[in-house]
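Step one of this worksheet: look at the structure below.
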Amino acid sequence: MRKSVIERNTKETKINLTLNLDGKGESKIDTGCGFFDHMLTLFAKHGRFDLDVKCDGDKEVDFHHSVEDVGICLGKAFVQALGEKKGINRYGSTILPMDEALILTAVDLSGRSFYVQDLNIPASKVGDFDTELVEEFLQAFTRNAECNLHVKQISGSNTHHIIEGTFKSLARSLRLAVAIDPDFKDEVPSTKGVL
């Protein structure tokens, strides 16, 4: 089983995160931010990843450090769990509808970090979550997962739907990318021989 455990302790956050790439979509999430907890819960469910996250952050300031640092930890967890990346599909993409919103995500677990975002999020907040933190989370995840990620909003006007569609689409793209192709289970999917 491809599992990882990440701990991060700074003056701003204390995070414990466990990830099982070959799970059933079970999760236990506590970041102190209800909306972010909801996004991580559905990320686990739609990716079929078992994910536990406990984050004690400086939420008296805001949720910026908590969201960014969870993104850092989640990215590191994917790298650790994937190891040499033998047999993985490497690529995954999903176009996901969420009511009026339609979100495209495409990921390449290339070992190279590059993030492209094309989202038009109309509201600045959902509950107590600052919507600009979507980009902070995805940037942090991409850098630390050492992957190439494109996120594009094809349609959508409801902020909650756009963000939820993004997390669900990303989860399903990652599920495809980390899946093992039995025909290539002992090969790294690159002409370089490493990812």
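Considering only DSSP beta bridges where both residues belong to the chain, give the percentage that are antiparallel (nearest 5). If I count the DSSP bridges inside the chain, around 80 percent turn out antiparallel.
When ligands, DNA and RNA are left out and all protein chains stay put, how many square angstrom of accessible area per residue does segment 12-103 have with a 1.4 Å probe? Mind showing how you got there, number by number?
On the way: 3820 Å² over 92 residues.
Computed with neighbouring chains in place, this is 41 Å² per residue.
Put simply, segment 153-195 fits an ellipsoid with semi-axes of 33, 11, 7 Å; these come from the alpha carbon gyration tensor as the roots of five times its eigenvalues, largest first. In the chain, the DSSP-assigned H stretches of four residues or longer account for a calculated mean residue ellipticity at 222 nm of -11500 deg cm²/dmol, using -39500 (n - 2.57) per stretch and the full residue count as denominator.
If packing is taken as the average number of other Cβ atoms within 10 Å across a peptide's residues, how do 23-33, 142-152 rank, most packed first?
Working: 23-33: 17.2, 142-152: 19.9.
My ranking of the peptides, most packed first, is 142-152, 23-33.
Mind putting a number on the dipole of segment 8-64 about its Cα centre? Charges go on the C-beta only, +1 for Lys and Arg and -1 for Asp and Glu, and I need it in Debye to the nearest 20. Don't skip to the end; give the middle numbers.
Values: 9 positive and 11 negative charges, 36 e Å.
Value, rounded to 20: 180 debye.
Considering only Ser124, Ser169, Asn9, and ranking their Cα positions along the charge dipole of the chain that arises from unit charges at the beta-carbon of Lys, Arg, Asp and Glu, the one farthest toward the positive end is Ser169. As a rough guide to protection, the peptides 59-65, 71-77 ranked by mean Cβ packing within 10 Å, highest first, stand as 71-77, 59-65.
Computed over Cα pairs, the Kirkwood radius of segment 3-111 leads via Stokes-Einstein (1.002 mPa s, 20 °C) to a diffusion coefficient of 144 µm² per second. Relative to the longest principal axis of the Cα atoms of the chain, the long axis of helix 64-82 lies at roughly 10 degrees. Once the Cβ-Cβ distance of Glu187 and Arg112 is raised to the sixth power relative to R0 = 22 Å, the FRET efficiency obtained is 0.70. Within the accessible surface of segment 85-141, defined with a 1.4 Å probe on protein heavy atoms only, the carbon and sulfur portion equals 49 percent. Each Lys and Arg Cβ is given +1 and each Asp and Glu Cβ -1; about its Cα centre, segment 104-195 then shows a dipole of about 120 debye. Per residue, the accessible area of segment 116-195 comes to 49 Å² when a 1.4 Å probe rolls over the protein heavy atoms.
The values are calculated or read from the model by the stated rules, or taken from the named source; none is laboratory data. Only a predicted model underlies this, so the values are computations on that prediction, with no experimental measurement involved. Note: ideal-geometry Cβ built from the backbone for every residue, glycine included; neighbour counts use all protein chains shown. For the accessible areas, the whole protein counts, side chains as well, though only heavy atoms, and no ligand, DNA or RNA atoms are used. Shrake-Rupley method; radii C 1.70, N 1.55, O 1.52, S 1.80 Å.
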